[in-house]
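Here is the structure we will look at.
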Amino acid sequence: MQRRQLFAAAAAGIALPASALDFAPPRTPTAMRLQVDRLIDIAVGIRPFRAPGPRIEAQRLHGKTVVHHYGHGGSGWSLSWGSAQRALALLQAHARPGERIAVIGCGAIGLTTARTAQQAGFKVRLYARDRPPHVHSGAATGLWTPDSRIVTAEHASEAWCADWEAMARASFKLHQGYLGLPSGPVEWHDGYLVADHGFDAPLPNYAPHAGEPDYPDLAGRVADLRPRGQALAAHEHPFRHVQARRFTQLVFNIPAYQRLLLDDFARDGGELVQREFHQPRDWARLPERVIANCTGDGARTLLGDPHLTPVRGQTARLIPQPDVDYAVIYRGRNVVALPRRDGLLIAAMGEHDFGSADLRPDRAQAEDAVRRLAALFG
Ligand SMILES: Cc1cc2nc3c(=O)[nH]c(=O)nc-3n(C[C@H](O)[C@H](O)[C@H](O)COP(=O)(O)OP(=O)(O)OC[C@H]3O[C@@H](n4cnc5c(N)ncnc54)[C@H](O)[C@@H]3O)c2cc1C
């Protein structure tokens, strides 16, 4: 059935066969232009991984009530809104309605915490050393990954997992409210999950990297939130020598999302002050009584939190290819290509990234990821 006929039938209320509704990626999609001379940028960021999970709790410190809200590992963008609702409950318990509160940090967590607090009627002043795009959140891939390096298996009790699930579901719902906007902060894309040796062999969430702990398998708890993947026969995908499945994925266009959140924050009367804090005692001088501490990996040095482990990550961008609308995830090799609006984004995990806070871009790693993906297309 042609697409035009399909829409006409749908408009006329005619029941359509399931096969007609199956918008599979085309068999020969526009090839990604995976050439290293198309690399335009490499961004490096630190995932604030916390073995027991994000810290969301209130503490009295130097005459202030500090609501700690940091440690979201590789899930900060995905979990942000749901996690911010948890932080909001603590803010509401300690601040008067309409009071001005301080939010420290302007990454994914600080911005969504600030917006959530504003929507609940608080006035908010953001203090941050760095602002987007120069925050670690700005280097993120932009995939819906609420289970990525968010807790270790050891700490994932049933109660913890149930709370995580509630946060993930709440967050997912709020992200859907950002669909269909002109700047495209949130979009859905089809993609291919490819693997060298099939999908039956169980893989850990990540191929073993130096120092990585075991992670719980959380994905199944929210599997109903997106369409099921589908195995593809060799003639149904464009890759050589691999098996492929189709998947459908929520994607964040990070620059557009950051910009929109900042604009919304300012429109609702929010103030942004550039300031670095060297120790918690510095917060005593702030005029606000109640503070949300959304400093991400910054809390490692600021508070000396022994549970925080930095996990370096880098994303590279090739010149945007607007005609490419599918993603590729190379399972077991930790390479991802994502059709973001600001470029064809290539993410790769390095062997020594766990425990590393090295912010130097690694061009060789980026080129290697581009070549590995290029080899897939033959
Ligand atoms: C390469 C990479 C890929 C990723 N991909 C994804 C993905 O696809 N999906 C997903 O959901 N997540 C992803 N993540 C994870 C996500 O980006 C993080 O969980 C998120 O960035 C954490 O946000 P944050 O606001 O806590 O920290 P940050 O973005 O680091 O923000 C911290 C803020 O606090 C401020 N600050 C820190 N210390 C101080 C101080 N002493 N004084 C004043 N201000 C301070 C900083 O200036 C900044 O404004 C990825 C991360 C990386 C690095």
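The values are calculated or read from the model by the stated rules, or taken from the named source; none is laboratory data. In this text the structure is predicted, and so the values were computed from the model without any measurement. No Cβ is skipped: glycine too gets one built from the backbone with ideal geometry, and neighbour counts run over all protein chains shown. Heads up: the accessible areas ignore ligands, DNA and RNA and are worked out on the full protein's heavy atoms, side chains in. Shrake-Rupley method; radii C 1.70, N 1.55, O 1.52, S 1.80 Å.
Quick notes on this structure:
- Global geometry of the chain, whether rounded, prolate or oblate, following the gyration tensor of its Cα atoms and the 1.5 cut on a/c: prolate
- Fraction of beta bridges assigned by DSSP in the chain that are antiparallel (%, nearest 5): 70
- Scalar couplings 3J(HN,Hα) for the stretch 35-42, obtained by applying the Karplus form with A = 6.51, B = -1.76, C = 1.60 to θ = phi - 60°, are 10, 5, 6, 9, 5, 10, 6, 10 Hz; x denotes Gly and Pro.
- Long-range amide H partners of ARG47 with built H, under 5 Å: VAL311, ARG312, GLY313
- Heavy-atom accessible surface of the chain: percent carbon and sulfur, 1.4 Å: 51
- Against the criterion of solvent-accessible heavy-atom surface with a 1.4 angstrom probe, GLU288, GLU212, GLU236 sort, most first, into GLU236, GLU212, GLU288.
- The chain: angle of helix 108-119 to the longest principal axis, Cα-based, in degrees nearest 10: 70
- Annotation: peptides 87-99, 308-320, ranked by per-residue average of other Cβ atoms within 10 Å with the highest first, follow the order 308-320, 87-99.
- Value of [θ]222 nm, deg cm²/dmol, for the chain, DSSP H segments ≥ 4, -39500 (n - 2.57) each, nearest 500: -8000 deg cm²/dmol
- Between the alpha-carbon centres of the stretch 127-163 and the stretch 43-62 there is a gap of 9 Å.
- Restricting the stretch 19-117 to chymotrypsin sites (Phe, Trp or Tyr not before Pro) that sit in a DSSP loop and have at most 16 other Cβ atoms within 10 Å of their own Cβ leaves PHE23.
- Global form of the stretch 24-172, assessed from the alpha-carbon gyration tensor, a/c cut-off 1.5: prolate
- Only Lys, Arg (+1) and Asp, Glu (-1) charged, at Cβ; the stretch 315-378 dipole about Cα centre in debye: 100
- With θ taken as phi - 60° and the Karplus curve 6.51 cos²θ - 1.76 cosθ + 1.60 applied, the whole-hertz 3J(HN,Hα) list for the stretch 222-228 is 10, 4, 6, 7, 9, x, 5 Hz, x standing for glycine and proline.
- For the stretch 238-378: relative contact order, % (alpha-carbon pairs under 8 angstrom, 6 or more apart): 24
- The alpha carbon centroids of the stretch 278-299 and the stretch 300-378 are separated by 31 Å.
- Surface exposure of the stretch 72-164, expressed per residue as accessible area with a 1.4 Å probe, stands at 34 Å².
- Cα-based shape type of the stretch 264-378, given that a ≥ b ≥ c are square roots of the gyration tensor eigenvalues and the cut on a/c is 1.5: oblate
- Axis angle, to the nearest 10 degrees, between helix 363-376 and the longest C-alpha principal axis of the chain: 30 degrees.
- Degrees separating the helix 158-176 axis from the principal Cα axis of the chain, which is the longest one: 70
- Each Cα pair under 8 Å and six or more residues apart adds its sequence gap; the mean of these over the residue count of the chain is a relative contact order of 28 percent.
- Full extension of the chain segment joining ASP268 with ALA153 gains 37.4 nm, where the gain is 0.36 nm per residue of separation less the Cα-Cα distance.
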